[in-house]
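Written below as structure tokens is the structure these notes are about.
The values are calculated or read from the model by the stated rules, or taken from the named source; none is laboratory data. What you see is a predicted model; the values in this text were computed from it and never measured. No Cβ is skipped: glycine too gets one built from the backbone with ideal geometry, and neighbour counts run over all protein chains shown.
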Amino acid sequence: MQPILAVDHLTKRFGGLVAVDDVSFELFEGQILGLIGPNGAGKTTMVSLISGTVQPSAGKVVFQGAPIAHLPAFRRSRLGIGRTFQLMKPFPGLNVLDNVAVGALFGTGGGKRQLGEAREDAAHWLAFVGLGHRERQRADELGGPDRKRLELAKALAMNPRLLLLDEVMAGLHHGEIDEVVSVIRKVQSRGITVLLIEHVMKAIQRLSDRVLVLHHGTKIAEGAPDAVLNDPQVVDAYLGTRRV
Amino acid sequence: MMRAVGSIAFAALLLTLLLVPWLAPPALIQFGTTTLLLATLAQSWNIIGGYAGYASFGNSVFYGIGGYGTAIAMVQFGLPFGIGILLGALLAVFFALLLGLPVLRLRGHYFAIATLALAEAMTGVVSNLDIAGRNIGLVLPLRKGDAFFYELSLGLLAVATLTVFWISRSRFGFGLIAIREDEDAAGVMGINTTLYKALAFLLAGFFSALAGGIHAYWITFIDPVSAFDITLNVMMIIMAIFGGAGTIFGPLVGAVLLSSISEILATEITGMASLFFGLVIVVAVVFMPRGLTDLMQRMPGLGWRYFRENLRLHRL
């Protein structure tokens with residue numbers, strides 16, 4: 001099976017800090033890869049390296065067989081890479097519908113040409129994430145959970161082949177997490193590949209085909225969710241060394 | 001019904017504006033021409049400042065280049081006005097690309113300061129060019145009658161406004177707005193931010209240069225200090241923001257109102273004019289930072305709360 005995304009010995013240094021240190025992994029079409037690790041492990045940097053908002057210090061990123069590490073972010077999104085931001089980035093002055101319409105107007109393959117079509121698409125994706133009733137509101141009037149949904153709808157409207165989700169469940173309560181989990185299942189059933197960064201282990205366990213763990217920028221474990229989450233090294237990284 | 005009434009009122013307004021040179025006294029035609037040119041400048045600033053969110057202090061550079069291009073073509077090469085103004089506009093577009101590509105990499109205050117420096121630099125450069133008459137300037141051939149310049153300015157403003165109207169509902173315009181609201185998110189969503197910013201800068205430069213060309217021919221004189229005067233750039237920003245930056249008609253409303261207020265103050269109470277003008281601007285920016293357009297849309301619903309909310313949201 002040909003991987004849709006291959007990360008090959010990828011390294012990112014910020015001055016003296018090595019945020020991502022020689023990490024390699026592959027992501028297969030239609031699968032969900034969970035990316036976990038303590039705060040500061042380099043998860044968001046990894047997403048930024050793949051989406052193109054940060055340039056790598058060394059290593060390769062290969063998407064659908066072609067190297068993309070030298071491309072600016074907008075070209076990668078046209079190839080079919082969509083992402084959400086952990087620190088959400090809505091367009092505050094636009095209403096919710098038009099926020100999502102921007103995704104439909106650009107995104108994969110350059111997107112829709114006509115504003116009308118893009119708005120129809122946007123309405124579809126807002127309903128998909130359960131935000132249909134807020135279309136006319138300004139984005140900066142939304143509360144936290146709805147902003148998360150908006151991030152997701154904006155990324156989906158870009159019609160991505162690969163979706164990078166950076167903590168879309170942080171700050172949500174149980175019922176809301178279940179909703180987002182079922183949305184991500186629906187996304188997967190459309191054939192979209194997902195890289196899922198999350199601290200909510202219940203969701204990682206339920207959704208991921210495989211799990212990858214970063215710690216201080218290096219990969220410390222990779223494999224099936226149950227095996228990885230019970231790996232003593234992973235438990236140590238999250239909870240600190242057991243002193244008993 | 002409301003739409004029909006609106007269209008008729010709009011057509012009547014346009015017709016009246018068109019007929020001004022045949023109905024009004026010369027002083028009013030001159031005031032009208034100045035106001036139309038200022039409105040064109042505010043509207044072109046609106047493209048880069050209002051839609052793309054880049055506070056340009058370099059638009060008066062394009063205005064000056066347009067004026068000088070026209071003057072040099074007519075005086076030094078004996079070309080007709082029509083060709084001169086087009087050459088001036090092309091020169092401005094060339095400069096917009098040349099300067100825009102490096103300068104548009106800067107954001108926020110840094111962009112503003114860099115464009116401010118451009119205006120100063122241009123004054124210095126042009127003052128030392130023989131072809132531009134060095135620091136003395138150039139005298140253009142005289143064309144009698146204000147009607148020609150008035151109608152030309154009205155036409156230019158109409159084209160600039162139609163362009164902004166198109167921008168406001170096009171894919172291009174949505175790209176600019178996304179850049180204004182969050183440039184990183186815009187890039188990740190597939191918008192070629194560098195290209196879009198450069199195009200917005202170029203369009204703003206094009207219309208500013210045409211206004212500069214008309215003005216130079218109308219006044220029949222151009223010199224480095226007044227051609228690249230930064231006060232003019234400040235005026236267009238204030239007019240656009242006062243009326244409502246990032247809207248279609250905001251800059252026009254701002255230009256007409258502020259131009260009228262300044263005209264009345266200047267003739268009635270000369271000494272106090274700039275003081276009053278300054279006060280109007282301070283009050284407007286503090287209480288209605290989103291401009292008149294936003295005030296008219298939202299104040300009827302909110303009442304006095306509108307001002308309180310603005311104070312709360314926009315304080316430092």
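Among the conditions (1) within 10 Å of chain B (Cβ to nearest Cβ); (2) on the phi < 0 side of the Ramachandran plot; (3) touching a Lys or Arg at 6+ places or on another chain (Cβ under 9 Å), the only one that A:Gly34 does not satisfy is (1). Within region A:88-97, take every residue that is more than 7 Å from chain B (Cβ to nearest Cβ) and in contact (Cβ under 8 Å) with a residue 40 or more places away in the chain and give me the one that is surrounded by the fewest Cβ atoms within 10 Å (Cβ to Cβ). Ranking the candidates gives A:Asn95 first.
Among the residues of region B:181-203, write down those that are charged (D, E, K, R) and surrounded by fewer than 24 Cβ atoms within 10 Å (Cβ to Cβ). Once the filter is applied, which keeps residues that are charged (D, E, K, R) and surrounded by fewer than 24 Cβ atoms within 10 Å (Cβ to Cβ), region B:181-203 yields B:Glu181, B:Asp182, B:Glu183, B:Asp184.
Can you name the number of the only condition in (1) in contact with a Leu (Cβ under 7 Å, 6 or more places away or on another chain); (2) within 14 Å of chain B (Cβ to nearest Cβ) that A:Lys148 fails? Of the numbered conditions (1) in contact with a Leu (Cβ under 7 Å, 6 or more places away or on another chain); (2) within 14 Å of chain B (Cβ to nearest Cβ), the odd one out for A:Lys148 is (2). Which of the residues spanning region A:71-87 are surrounded by fewer than 24 Cβ atoms within 10 Å (Cβ to Cβ), more than 9 Å from chain B (Cβ to nearest Cβ) and under 15 Å from the mean Cα position of the chain (by Cα)? Of everything in region A:71-87, those that are surrounded by fewer than 24 Cβ atoms within 10 Å (Cβ to Cβ), more than 9 Å from chain B (Cβ to nearest Cβ) and under 15 Å from the mean Cα position of the chain (by Cα) turn out to be A:Gly80, A:Gln86, A:Leu87.
Per-residue answers, yes or no, for (1) closer than 30 Å to B:Phe172 by Cβ; (2) modelled with pLDDT under 90; (3) of a type in the set (S, T, N, Q):
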site: B:Ala204; (1), (2), (3): yes, no, no
site: B:Leu275; (1), (2), (3): no, yes, no
site: B:Gly278; (1), (2), (3): no, yes, no
site: B:Leu292; (1), (2), (3): yes, yes, no
site: B:Leu295; (1), (2), (3): yes, yes, no
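The set of residues in region B:160-204 that are in contact with a Leu (Cβ under 9 Å, 6 or more places away or on another chain), farther than 15 Å from B:Ala245 by Cβ and in contact (Cβ under 8 Å) with a residue 24 or more places away in the chain comprises B:Thr163, B:Phe172, B:Thr194, B:Tyr196, B:Lys197, B:Ala198, B:Leu199, B:Phe201, B:Leu202. Applying the set (1) β-branched (Val, Ile, Thr); (2) within 9 Å of chain A (Cβ to nearest Cβ); (3) buried (at least 24 other Cβ atoms within 10 Å of the Cβ) to B:Val164 leaves exactly one unmet item: (2). Among the residues of region A:179-186, are any in contact with an Asp or Glu (Cβ under 8 Å, 6 or more places away or on another chain), closer than 29 Å to A:Gly37 by Cβ and assigned by TED's automatic domain parsing to the domain that holds A:Pro3? No, there is no match, as no residue in region A:179-186 is in contact with an Asp or Glu (Cβ under 8 Å, 6 or more places away or on another chain), closer than 29 Å to A:Gly37 by Cβ and assigned by TED's automatic domain parsing to the domain that holds A:Pro3.
Go through region B:169-206 and give me each residue that's facing chain A (nearest Cβ under 8 Å), within 20 Å of A:Ile81 (Cβ to Cβ) and among the aliphatic types (A, V, I, L, M). If the condition is that a residue be facing chain A (nearest Cβ under 8 Å), within 20 Å of A:Ile81 (Cβ to Cβ) and among the aliphatic types (A, V, I, L, M), then B:Ala178, B:Ala185, B:Ala186, B:Val188, B:Met189, B:Ile191 are the ones that fit. Residues of region A:98-109 that are surrounded by 14 or more Cβ atoms within 10 Å (Cβ to Cβ) and either more than 7 Å from chain B (Cβ to nearest Cβ) or in a helix (DSSP H, G or I) (or both): A:Asp98, A:Asn99, A:Val100, A:Ala101, A:Val102, A:Gly103, A:Ala104, A:Leu105, A:Thr108. Any chance you could count how many residues in region A:91-142 are farther than 22 Å from A:Arg76 by Cβ and of a type in the set (A, V, I, L, M, F, W, C)? So the answer is 12. Just one residue in the set B:Gly137, B:Gly108 is surrounded by 14 or more Cβ atoms within 10 Å (Cβ to Cβ) and more than 18 Å from the chain's Cα centre (by Cα); that residue is B:Gly137.
Tallying residues that are within 12 Å of chain B (Cβ to nearest Cβ) and modelled with pLDDT of 90 or more within region A:117-142 yields 4. Within region B:72-85, residues that are farther than 18 Å from B:Phe149 by Cβ sit with their Cβ atoms under 6 Å from residues that are small (Gly, Ala, Ser), at 6+ positions apart or across chains, in these pairs: B:Leu79/B:Ala73. For region B:202-309, the helices (runs of 4 or more DSSP H) that sit wholly inside it and include 2 or more residues that are farther than 21 Å from B:Ala96 by Cα are B:230-243, B:250-268, B:273-287, B:291-302.
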